[in-house]
Every structure is written in C-alpha cells, then in structure tokens.
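Student: Sharing a structure with you now.
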Amino acid sequence: MIKQRDPDESLPAIGRDQEWPVVDGWLAVGGLPLTEFVQRLGSPCYLYSRERIDRRIAQVRDALPRDVELLYPVKANPLPALLQHIAGQVDGFDIASGGELERALATGMTGARLSFAGPGKTDDELAEAVSAGALIVLESAGEAHRLAGLTGSRRPRVALRINPPFELSPAAARMAGGARKFGVDSEQAPQVLGEIGRLPLEFEGFHCYPGSQCLDATAIIETQRATLDLAVELAAFAPAAPRVLNLGGGFGVPCFAGESPLDLARLGASLQSLTRDAAARLPGARLTLELGRFLVAEAGIYVCRVIERKRSRGKTILIVDGGLHHHWHASGALEGRRHLHFPIAVVIGHDSLVRSSVHAREVETVTVAGPLCAPHDVFAQDIELARAEAGDLVVMFQSGAYGATASPAGFLGRPPVSEMLI
Ligand SMILES: *Cc1c(COP(=O)(O)O)cnc(C)c1O
C-alpha cells in the first residue's frame, strides 16, 4: 500500500492518505515547499507541522469524553518549540527524567501538571520534582521510602504504578505483565499501599502502562477495562480514595507496510462508558491518558538527500546522507523490525533551487541505505520508488515521534540533525 506504483502520483499512498499538501509540485509544510526549509537547515532535517499536531489533538479531544485528562509524554518528542506549542493544548506532561522536568517547566507549565514516572529516579530528580509540585509515580516500595526520607516537612503527591497480571499483547512495546522493571506487581500492591499510608506521602491514585504502539482498539479497550477493575480492587487497600486513575495510552500509528490506523472513534465510545463506570465504582477519580506518538508521529517528516546512486550485483542502492544515527526508528531497529520500512518517497529534482515534481518519473526497485559504516544502517530494502539521482530529496513519513532523541547520535561522529517546528 505504501509503495509508489503509479508514477503520476507524487507521493506514496500513505502520504496521500495523510494529506500532506503539495505546493508548486513540492511536498509542503506550513504552506511552504519543503525546499525552503532544507535550504535553511541543510539536509538531513526533521520538519514538524503545527497544523497537523493541532488537528490530531482536536480529533482526540473530540473523540474522548470531556473529563478524560490528556497528558503528553515528553519522551515522544522533546523539541522545546514543540513542547511549548503543545503545552497549552494538553492537561499536562508525563516526564521521566530530571532533564524532561527542566524542559517541561521551561514551557511555563506549572509543576502541578506534571506526572513523573520512571523506574530509576535518582534522589536529586525526586527532590527537584517534589519542589516543583509534580505528581510522583512510584515504581517500587523502595522508591516510596527513599522519597519519604528526602522531603522533610513537605508531603509529596504520589501515585502507585501497578504492574498488572496482563499485558497489551498486540503492542510493539509491551511494558507490563510478568516480571518487569516497571511498577509494583499487583499482588504486592496491597502491602505497598499500606506502607505508603504510613509514610508522609499524599496518595493520589494509580498508574498503569501496559504498552506502546498498539493498533488494535479492542486490545486497548480490554486492558483499560481490566485496569479499572484492578484499580477498584486495590482502592480498598489505599490510604485515601484515589483521585486519579492513569490508564496509560499505547495508541499506535501505522509506520510499516500492512499496518492500519487505530479506530479512534471506537476507543472514544468505549471510554464514554468506562468513564461512567469509573464514576460509579471509583467516585472522585479522574481518568487520564498519556499519548505520545499518537499526537505527534504523523506530524513529522525526516528529509534526507541522495549522495550516491550505485549498482551492486543487479541491485540499485541509493545512499542517502541521513541514517540510523538520526532515525533509528525508521531502520526498524527500535522495535526489532529490521525487515520492515517506514513509508518513503522521493520528492524532488536535482537541487533545491530547481523546482520540479516527480510526476511522470519512472519507478524502480531500490534499497535506501544510510552513510554509516554499519551494515544495519538501511532504511528500506528492495522497495519501489520513483527514480532518484544524486542530489534528490527523500522523505520519510510518520517521523514526528521517537526520531532524533531516540537515535544513537554519537555513532560514527556525524553532525547532529536539525529539527524545526513549522
Ligand atoms: C513511553 C511512554 C509513554 C508514551 O508512549 P507513546 O507510545 O509515545 O504514546 C507514555 N507513558 C509512559 C509511562 C511511557 O513509558
């Protein structure tokens, strides 16, 4: 579906589905041809569209019940301009390090709107988050005791992260069920809740994060229901009535061939009824979701340029100036899917000053590889693309999340990638 079969189409199907606009024959961001930005930033670069982020957040808000709180996990894309842009449109940020705490506070967001999760928070990070007024999501009994010992007269706000007996099985990244570094096993939770009650901590509720990058709405709905059941059961052992139940997120975006978009309308409808159940069974607790990639992945593209075009034993290989040191995710390595590839398109002609579209270009089978001296630095193998020459630009879609900061930037000593929110 994402192969470019029809040379009259300037974008592969996935690009068209997402309605990236074309201006003067070029893929455009914020109303301007992408060449404007490549001239300014050089190549490779990441370009993120404010308009597309806003549209996605509005879709999510429309689909979800009004009283479900929406947090943005900074991890998905921590570019300061992007955080600043999103800060006013979500209820808070999910942070997972002292560095993310600083970036979150730099947007002007108050500490009270931050939720700090993560299995290895240091004493310094905990102390800074408490003084900012953030909700600390405890991941172990040891952390509860450490936190209580740190903060003197202040009673830190805490939630307990539960490692449930179930997992989000279709998710590309599973983060619960079995033995995990995340959270407290549900069977240990009654005892840990008792300990929290004896410590100078302000208990606010529960957090559960079964997994990331799931495209199966039914599986997400089932784990959300199971999470509510578990929270109702554990509330009996809690030192105070829970005021928050963070259901996690896991809403995925299609990145690889054969994947289709998540059914947001169904999830929204199910959350309407879950919210009513929660109001009856866990009165006073607000439901929270943490959505990272779902808000930003489809708003970003990674742009790189063909450096060499070569033939090797019957195959054509395009060597581009961007590689896994910038976009590890697109190499399939992040989720162990190296045989798959992100949607890719060749977008334009020889240099950024010559405007020509790819209309009527011949299509060929190529491998697209990065410049690193590492055999796994390959973005796509044997795919159909419009014919590209050295100097042409290649775009990877679905690249707004887990791009630059989720990649091994120091590998092979190449320059860092530029990023811009437009
Ligand atoms: C990684 C993570 C997220 C964000 O996941 P996405 O797939 O980007 O939505 C949210 N919450 C927690 C606790 C995480 O670890």
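Student: To the nearest 10 degrees, how steeply does helix 50-63 sit against the main Cα axis of the chain, on a 0 to 90 scale?
Tutor: So the inclination is approximately 40 degrees.
Student: Using alpha-carbon pairs under 8 Å, 6+ residues apart, how would you state the relative contact order of segment 78-291 in percent?
Tutor: 15
Student: In a shell of Cβ-Cβ distance under 12 Å around Arg66, excluding Arg66 itself, what net charge do Lys and Arg (+1) and Asp and Glu (-1) give?
Tutor: Here the count lands on -2.
Student: Counting only C-alpha contacts under 8 Å and six or more residues apart, can you give the relative contact order of the chain as a whole percent?
Tutor: For the chain, the relative contact order is 21 percent.
Student: Also, quick follow-up: From the square roots a ≥ b ≥ c of the eigenvalues of the alpha-carbon gyration tensor of segment 78-291, which class results: rounded (a/c under 1.5), prolate (a/b over b/c), or oblate?
Tutor: Oblate is the answer for segment 78-291, as a/c is 1.5 or above yet b/c matches or exceeds a/b.
Student: Going by average Cβ density within 10 Å per residue, which order do the peptides 110-117, 276-283 take, highest to lowest?
Tutor: Ranking the peptides 110-117, 276-283 by packing returns 110-117, 276-283.
Student: For the Cα atoms of the chain, what angle does the longest principal axis make with the long axis of helix 217-235, in degrees from 0 to 90, nearest 10?
Tutor: The helix 217-235 is inclined about 20 degrees to the chain.
Student: Let me ask something else. Just the Kirkwood number for the chain, please: inverse of mean 1/r across all distinct Cα pairs, in Å, one decimal.
Tutor: Value: 22.6 Å, from the Cα pair sum.
Student: In degrees, nearest 10, range 0 to 90: what is the angle between the Cα axis of helix 141-150 and the longest Cα principal axis of the chain?
Tutor: Between helix and principal axis, roughly 80 degrees.
Student: Here's a follow-up. Explain nothing, just the number: dipole magnitude of the chain about its Cα centre with +1 on each Lys and Arg Cβ and -1 on each Asp and Glu Cβ, in debye rounded to the nearest 20. Don't jump to the answer; show the numbers that get you there.
Tutor: On the way: 42 positive and 49 negative charges, 45 e Å.
So the magnitude is around 220 debye.
Student: Could the peptides 228-237, 38-47, 129-138 be put in order, highest first, of the mean number of other beta-carbon atoms found within 10 Å of their residues?
Tutor: Most protected by this proxy first, the peptides run 129-138, 38-47, 228-237.
Student: Also, I was wondering about something else. If a/c stays under 1.5 just call it rounded; otherwise compare a/b with b/c (prolate if a/b is bigger, oblate if not). Do that for segment 90-202, with a ≥ b ≥ c from the square roots of the Cα gyration tensor eigenvalues. Kindly include the intermediate steps, with their values, before the conclusion.
Tutor: Values: a/c = 2.18, a/b = 1.20, b/c = 1.82.
Taking the square roots of the gyration eigenvalues as a ≥ b ≥ c, segment 90-202 is oblate.
Student: How large is ³J(HN,Hα) for each residue in segment 306-313, as worked out from phi by the Karplus curve 6.51 cos²θ - 1.76 cosθ + 1.60 (θ = phi - 60°), to whole Hz, x for Gly and Pro?
Tutor: Result, ordered by residue: 6, 9, 9, 10, 9, 10, 9, 6 Hz.
FYI, it's all coordinate maths here, none of it is from the lab. Bear in mind the structure is a predicted one, so any value in this text is a computation, not a measurement. For neighbour counting, all protein chains shown are included, and Cβ atoms are generated from backbone atoms with ideal geometry for every residue, glycine included.
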